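K.L.:
Structure incoming, see below.
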Amino acid sequence: MSRPVAMVTGAARGIGLGCAQALARQGFDIVIADVLATAEAQTSITDLGAAALGVHCDITRDDQRQAALAAVRERFGRLDCLVNNAGVAPKVRADILEAGEESYDFVMGINVKGPYFLTQVVARWMIEQAQAGLEGFRSIINIASISSYTASPARGEYCLSKAAVSMATKLWAARLAEYGINVYEIRPGIIATDMTSVVKEKYDKLIDEGLTPIRRWGSPQDIGQAVAACAGGALGFSTGQVIDVDGGFHMRVL
Ligand code: NAI
């Protein structure tokens, strides 16, 4: 039997790359879908002994989603796991009393609409594979955020987008269970990547002051390990499940 294949969006760097590397260690061949160049990321995957395919894919574009999947079909002929990781923060943090429509459309387009329609085409193909009797544990994993439930009025569009991702987890979990496709949601806390480099000092201070019970930044590897556990079938009787990977941020502590 051929090795299982996982496609990770936004895997050229950051959390997506951490997920791709963890999945490669778990035994998956990897598809890196990104708008950035993927050569370095591909090398880091092949160094782990897995096959890597880099595809240029802007997840907001239907033609590029279709082309990416066609490339995966041609190279691997199967897809067992999709990690919807690609996402953006607003280019400028703006109070919700001031924030404009352009930023709203930018964030919602990439964080919500793109993954929604990518999941749709991937799910159709996974159903086809299940109906053809191809063995394997199939999963779709959404990278949401603590912003799914935490109100930050200086980036309302981001919080709305991540709350929507959380509903997408439930919708797809409910719809796909009958085909043996499990859907999971990872909610990262404060993770050291390019996205958060602009607010490093602010978060350093908050973490020092005890914002998170585990007083450190999270890493892309922390998220990757949780994703690999889900994709490997360790939670086979769970679907629509949210996994907080946030140093305990989600707890109320008195
Ligand atoms: P990052 O900015 O370092 O990486 C994002 C990746 O997505 C980049 O490679 C980028 O090129 C790609 N991307 C952006 N737009 C794209 C598009 N239209 N099509 C395809 N790829 C696209 O960000 P980071 O921190 O690695 O974030 C990854 C995910 O994790 C995002 O969904 C983010 O919202 C989420 N997250 C991050 C947290 C953090 O503290 N860094 C916390 C909670 C969630």
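K.L.:
Across segment 119-147, what is the number of residues that are more than 9 Å from the ligand (Cβ to nearest atom), among the aliphatic types (A, V, I, L, M), more than 20 Å from G233 (Cα to Cα) and in a helix (DSSP H, G or I)?
P.N.:
1
K.L.:
State whether one or more residues within segment 205-218 are over 20 Å from T169 (Cα atoms), in contact with an Asp or Glu (Cβ under 9 Å, 6 or more places away or on another chain) and within 10 Å of the ligand (Cβ to nearest atom).
P.N.:
First, pick out the residues of segment 205-218 that are over 20 Å from T169 (Cα atoms): 205-218.
Next, from what is left, pick out any that are in contact with an Asp or Glu (Cβ under 9 Å, 6 or more places away or on another chain): 212, 214-215, 217-218.
Add one more test, that the residue is within 10 Å of the ligand (Cβ to nearest atom), and what stays is 217-218.
Looking for residues that are over 20 Å from T169 (Cα atoms), in contact with an Asp or Glu (Cβ under 9 Å, 6 or more places away or on another chain) and within 10 Å of the ligand (Cβ to nearest atom), one finds at least one in segment 205-218, hence yes.
K.L.:
Which condition number in (1) away from the ligand (no atom under 15 Å from the Cβ); (2) surrounded by 15 or more Cβ atoms within 10 Å (Cβ to Cβ); (3) under 20 Å from S147 (Cα atoms); (4) not basic (K, R) is the one that E98 fails?
P.N.:
For E98, the failing item is (2).
K.L.:
Looking at (1) away from the ligand (no atom under 16 Å from the Cβ); (2) of a type in the set (S, T, Y); (3) assigned to a helix (DSSP H, G or I), which one does T169 not meet, given that it meets all the others?
P.N.:
In the conditions (1) away from the ligand (no atom under 16 Å from the Cβ); (2) of a type in the set (S, T, Y); (3) assigned to a helix (DSSP H, G or I), T169 misses (1) alone.
K.L.:
Still on this structure: Within segment 1-18, take every residue that is open to solvent by 10 Å² or more (accessible area, probe 1.4 Å) and small (G, A, S) and give me the one that is farthest from the ligand (Cβ to nearest atom).
P.N.:
At the first step, the residues of segment 1-18 found to be open to solvent by 10 Å² or more (accessible area, probe 1.4 Å) are 1-4, 10, 12-15, 17.
Those left that are additionally small (G, A, S): 2, 10, 12, 14.
Values: S2: 26, G10: 3, A12: 4, G14: 2 Å.
Top of the filtered list is S2.
K.L.:
If we only count helices (runs of 4 or more DSSP H) wholly inside segment 179-254, which ones have 3 or more residues that are farther than 19 Å from S152 by Cα? So that I can check it myself, show each step before the final result.
P.N.:
Details: elements: 194-197, 200-208, 220-231.
Result: 220-231.
K.L.:
Are any of the residues in segment 32-43 away from the ligand (no atom under 15 Å from the Cβ) and within 14 Å of D80 (Cα to Cα)? Give the steps one after another, and end with the answer.
P.N.:
As a first pass, look at segment 32-43 and keep what is away from the ligand (no atom under 15 Å from the Cβ): 43.
Retained after the next criterion (residues that are within 14 Å of D80 (Cα to Cα)): none.
No - not one qualifying residue is present in segment 32-43.
Here is a yes/no grid of residues against (1) under 16 Å from W125 (Cβ atoms); (2) touching a Gly at 6+ places or on another chain (Cβ under 8 Å):
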site: A164; (1), (2): no, no
site: M167; (1), (2): no, no
site: A173; (1), (2): no, yes
site: L176; (1), (2): yes, no
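K.L.:
Here is a list: T196, T212. Which entry is β-branched (V, I, T), under 27 Å from S139 (Cβ atoms) and free of Cβ contacts under 8 Å to residues at least 60 places away in the same chain? Quick ask: steps written out before the conclusion?
P.N.:
Details: T212 fails: under 27 Å from S139 (Cβ atoms).
Unique residue meeting the criteria: T196.
K.L.:
Being within 12 Å of the ligand (Cβ to nearest atom), open to solvent by 10 Å² or more (accessible area, probe 1.4 Å) and within 16 Å of the chain's Cα centre (by Cα) narrows it down to one residue among G189, G224, G240, G232; which is it? Step through it out loud before you land on a result.
P.N.:
Values: G224 fails: open to solvent by 10 Å² or more (accessible area, probe 1.4 Å); G240 fails: within 12 Å of the ligand (Cβ to nearest atom); G232 fails: within 12 Å of the ligand (Cβ to nearest atom).
It is G189.
K.L.:
When you look at R93, is it open to solvent by 10 Å² or more (accessible area, probe 1.4 Å) and modelled with pLDDT under 95, yes or no? Working first, answer last.
P.N.:
Values: open to solvent by 10 Å² or more (accessible area, probe 1.4 Å): yes; modelled with pLDDT under 95: yes.
Yes, satisfied.
K.L.:
Moving to a separate point now. Go through (1) within 12 Å of the ligand (Cβ to nearest atom); (2) part of a helix (DSSP H, G or I); (3) open to solvent by less than 100 Å² (accessible area, probe 1.4 Å) for K113 and report which single condition fails.
P.N.:
(3)
K.L.:
Related question: Can you tell me which residue among L235, L211 is among the hydrophobic types (A, V, I, L, M, F, W, C) and more than 25 Å from N84 (Cα to Cα)? Outline the logic, then answer.
P.N.:
Numbers: L235 fails: more than 25 Å from N84 (Cα to Cα).
L211 is the lone residue from the list that is among the hydrophobic types (A, V, I, L, M, F, W, C) and more than 25 Å from N84 (Cα to Cα).
The values are calculated or read from the model by the stated rules, or taken from the named source; none is laboratory data. From a predicted model like this one, the values you see are computed outputs, not experimental measurements. Cβ coordinates were reconstructed from backbone atoms using ideal geometry, including for glycine residues, and neighbour counts include every protein chain displayed. These accessible areas exclude ligands, DNA and RNA; they are computed on the full protein's heavy atoms, side chains included. Shrake-Rupley method; radii C 1.70, N 1.55, O 1.52, S 1.80 Å.
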